[in-house]
Amino acid sequence: MLVSHTLHWWQKEIIYQVYPRSFKDTSGNGIGDLRGITQKAVYFQWLGVKAVWLSPVYPSPMKDFGYDISDYCNIHPTLGTMEDFDNLLHELHERGIKLIMDLVPNHTSDVHEWFMESRKSKDNPKRDWYIWADPADSGGPPNNWRSEFGGSAWELDSQTGQYYCHSFLKEQPDLNWFNPEVREAMWEVMRFWLNKGVDGFRVDVLWYLIKDRLLRNNPPNPDWEEGMPDHDKLITAFSNDQPEVHDVVEQMRRVVDEYPNRLIIGEIYLPVDKLVMYYGKEPDTGVHLPFNFHLVSTEWDAQQINKLISEYEGALPAGGWPNWVLGNHDKSRIKARVGEDQLFNAALLLLTLRGTPTMYYGDELGMNDVEIPPEKIQDPREFREPGIGVGRDPQRTPMQWNNSKNAGFTNHDPWLPVGADYQTNNVDSLMENQHGLLQFYHDLIALRQKEPALHGGSFHPVGVQNQLLCYRRQHEQSAFFIALNLGKEETSFTPSFKWRGVVEIASNPKRKGEKIENTIHVNGNDGLLIRITGNSEAG
Ligand code: GLC
């Protein structure tokens, strides 16, 4: 049994994702900045967040809002200076908060000097740093691969008559990770930030780094229908997740391990069996946390979620530490997905499952997807495939701090509109509401940190009754019973063992302190976290 003091910080603590452009503007240009994040360090501390992950803050033409990097070892002037960055790091560390950088190794911006060199000629020393290929015999792109953002993944460069591969925008050419020089260059980038003292990286599209050497065509997806994203027309059998990627990951891990106590998280959208391969063949040869996004894609249904949890727990390799994500800058807000009534349960689920939780800024306020008027659209995904719901602006809107103009985010026009609910759904107002979602997160995080059973204990499924999902967490003599009613109907459940407990945290505050014996009754949409006090036979 793991004892909490033997856990690493990244196992015990919660990771909080900040989308820098939308967090807090101090310069008055309508775009969030590093100083704004520094200013809010006190908020992270209050909430109990001990690790902050920043989406990219590097110089970038912002074609994909920072995921198109033109200089890996610098700060985008709109967001601040390197001095601002150093101050942020210092301020967070002073408060015991770790800082995780976004690392985007799959592609650079097309104005990165590496690519500008590479495209000059076929014999340029940097030519092979990117994926160049001749046209197909019949003319046109070298193969049928699609960009994640729609259209061919190949762009013709008329100067040399070859195509380059871009898994995302054409302004985001993919690096050739078979090339050892590319690897070395990226390890140096990592060392630059690690030497500064950052605590780790969230690695963008890690499963994309290696593509089929032979550039074979992807097979068609028989389930594709009109209205689905263009990219889904094909099954990505050859354009990502190739076996050699695991050697790259292992090397990357070794670089991070040159420094004590650092973390790598991999962004990986794959089925569970393939996802867990990214922990590495042997212990400590993969990433510490291959992001588990399956709660984002699984239907909000007790049976389905119960099945997902068992499947995921069952697939973890020895020593592989679990993790759970409910939202991020690429996916619809949790509120838009599960509805307001389920927000307390969503918090309970994220924060009581076994493994590291990652929160997305504003989810703790119940921020919703915000409707973006056509003239305010920013995201290239929306422009490329309008109206099919792939645009990501709705979930990237400004953090709602207070009920003043623009929710206290900026005193200028915000780069994306502020949610219409900001007058009530904002940090200041919700801090005053003892029974609101923000306080609920706060209390739950505090309890999770205090209780080894919750941050490090074992996980035991207990059962599902209608929409009532029940499980238990345990560490030595201390144990909790969690019961979440994901449906609208009141449901009762009697586990196969005898037990009693006291409700410690409840979505309905009236139930706090209630004693429970054997049978549990949970109203629709309610969730309970119960400290087991009685002689449970469950252990
Ligand atoms: C990742 C990022 C996303 C970005 C893409 C290309 O999926 O999370 O925002 O557009 O990679 O870098």
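Worth pointing out:
- Positive end of the dipole of region 92-200 (Cβ unit charges, origin at the Cα centre): among Trp132, Phe192, Ser167, the Cα lying farthest that way belongs to Phe192.
- Where labels lie 7 Å past Cα in the beta-carbon direction, separation of Ala185 and Asp134 in nm: 2.5
- Along the axis of the charge dipole computed for the chain (Cβ charges of +1 for Lys and Arg, -1 for Asp and Glu, origin at the Cα centre), the listed residues His435, Thr81, Gly319 are led at the positive end by His435.
- Checking every one of the trypsin sites (Lys or Arg not before Pro) in region 194-262 against DSSP loop status and a limit of 15 other Cβ atoms within 10 Å picks out Arg213, Arg216.
- Other residues whose C-beta falls under 9 angstrom from the C-beta of Arg127 contribute a net charge of +1, scoring Lys and Arg +1 and Asp and Glu -1.
- When +1 charges are put on Lys and Arg Cβ atoms and -1 charges on Asp and Glu Cβ atoms, the dipole computed for region 401-539 relative to its Cα centre reaches about 360 debye.
- Selection from Pro59, Ile97, Thr26 lying farthest towards where the dipole of region 15-120 points positive, charges on Cβ: Ile97
- Once both labels are positioned 7 Å from their Cα atoms along Cα-to-Cβ, the gap between Gln434 and Tyr259 label points is 4.4 nm.
- With R₀ set to 25 Å, the beta-carbon distance separating Cys73 from Ser158 gives a calculated FRET efficiency near 0.20.
- Scalar couplings 3J(HN,Hα) for region 364-377, obtained by applying the Karplus form with A = 6.51, B = -1.76, C = 1.60 to θ = phi - 60°, are 6, 9, x, 4, 9, 4, 10, 5, 9, x, x, 6, 9, 4 Hz; x denotes Gly and Pro.
- Which listed pairs, of Lys63/Lys376; Lys274/Lys307; Lys335/Lys405; Lys335/Lys515, have C-alpha distances above 19 Å, in listed order: Lys335/Lys405; Lys335/Lys515
- Once the Cα atoms are used to define both axes, helix 82-94 deviates from the longest principal axis of the chain by about 20 degrees.
- For the chain, the relative contact order is 13 percent, taking Cα pairs closer than 8 Å that sit 6 or more residues apart in sequence and dividing their mean separation by the residue count.
- Charge dipole (debye, nearest 20) of the chain; +1 at Cβ of Lys and Arg, -1 at Cβ of Asp and Glu: 1420
- Neighbourhood net charge (13 Å Cβ-Cβ; Lys/Arg +1, Asp/Glu -1) for Asp232: -4
- Dipole magnitude of region 159-313 about its Cα centre (Cβ charges: Lys, Arg +1; Asp, Glu -1), debye to nearest 20: 440
- Listed by chain and number, the aspartates and glutamates placed with their C-alpha closer than 12 angstrom to that of Lys510 are Asp526; residues fewer than eight positions away on the same chain are left out.
- Once backbone amide H atoms are built at 1.01 Å from N, Asp526 has Asn485 as its partners under 5 Å, excluding neighbours fewer than 5 places away on the same chain.
- Summarising the amide proton neighbourhood of Arg202: residues at separation of 5 or more, or on other chains, whose placed amide H is nearer than 5 Å comprise Met101, Asp102, Leu103, Ile265.
- Reach of Lys450 by Cα under 17 Å, taken over aspartates and glutamates that are not fewer than 8 positions away in the same chain: Glu13, Glu476, Glu504
- From phi via Karplus (6.51, -1.76, 1.60), per-residue ³J(HN,Hα) for region 478-492 in Hz, x at Gly/Pro: 9, 8, 10, 10, 10, 10, 10, 8, 7, x, 9, 8, 5, 9, 10
- Rounded to whole Hz, the Karplus (6.51, -1.76, 1.60) HN-Hα couplings of region 400-414, x for glycine and proline: 9, 8, 7, 9, 7, 3, 6, 6, x, 7, 7, 9, 10, 6, x
- Pairwise FRET efficiency - Arg384 versus His521, Cβ, R0 = 35 Å, nearest 0.05: 0.10
- With the simple model of a label 7 Å out from the Cα in the direction of the Cβ, Thr494 to Glu117 spans 7.4 nm.
- Charge sum, other residues only, whose C-beta stays under 10 Å from Pro173's C-beta, Lys/Arg counted +1 and Asp/Glu -1: -4
- Estimated FRET transfer efficiency (Ser27, Arg95; beta-carbon r; R0 30 Å; 0.05): 0.85
- Candidate aspartates and glutamates for bridging to Lys40, where Cα separation is under 12 Å - those fewer than 8 sequence places away on the same chain excluded: Asp25, Glu91
- Secondary structure note: in the chain, about 65% of the DSSP beta bridges are antiparallel.
- Highest average packing first - 515-525, 357-367, Cβ atoms within 10 Å: 357-367, 515-525
No value in this document is a laboratory result; all are computed from the given coordinates. Predicted, not measured: the structure shown is a model, and the values here were computed from it. Glycine also receives a Cβ, built like all others from the backbone with ideal geometry; neighbour counts cover every protein chain displayed.
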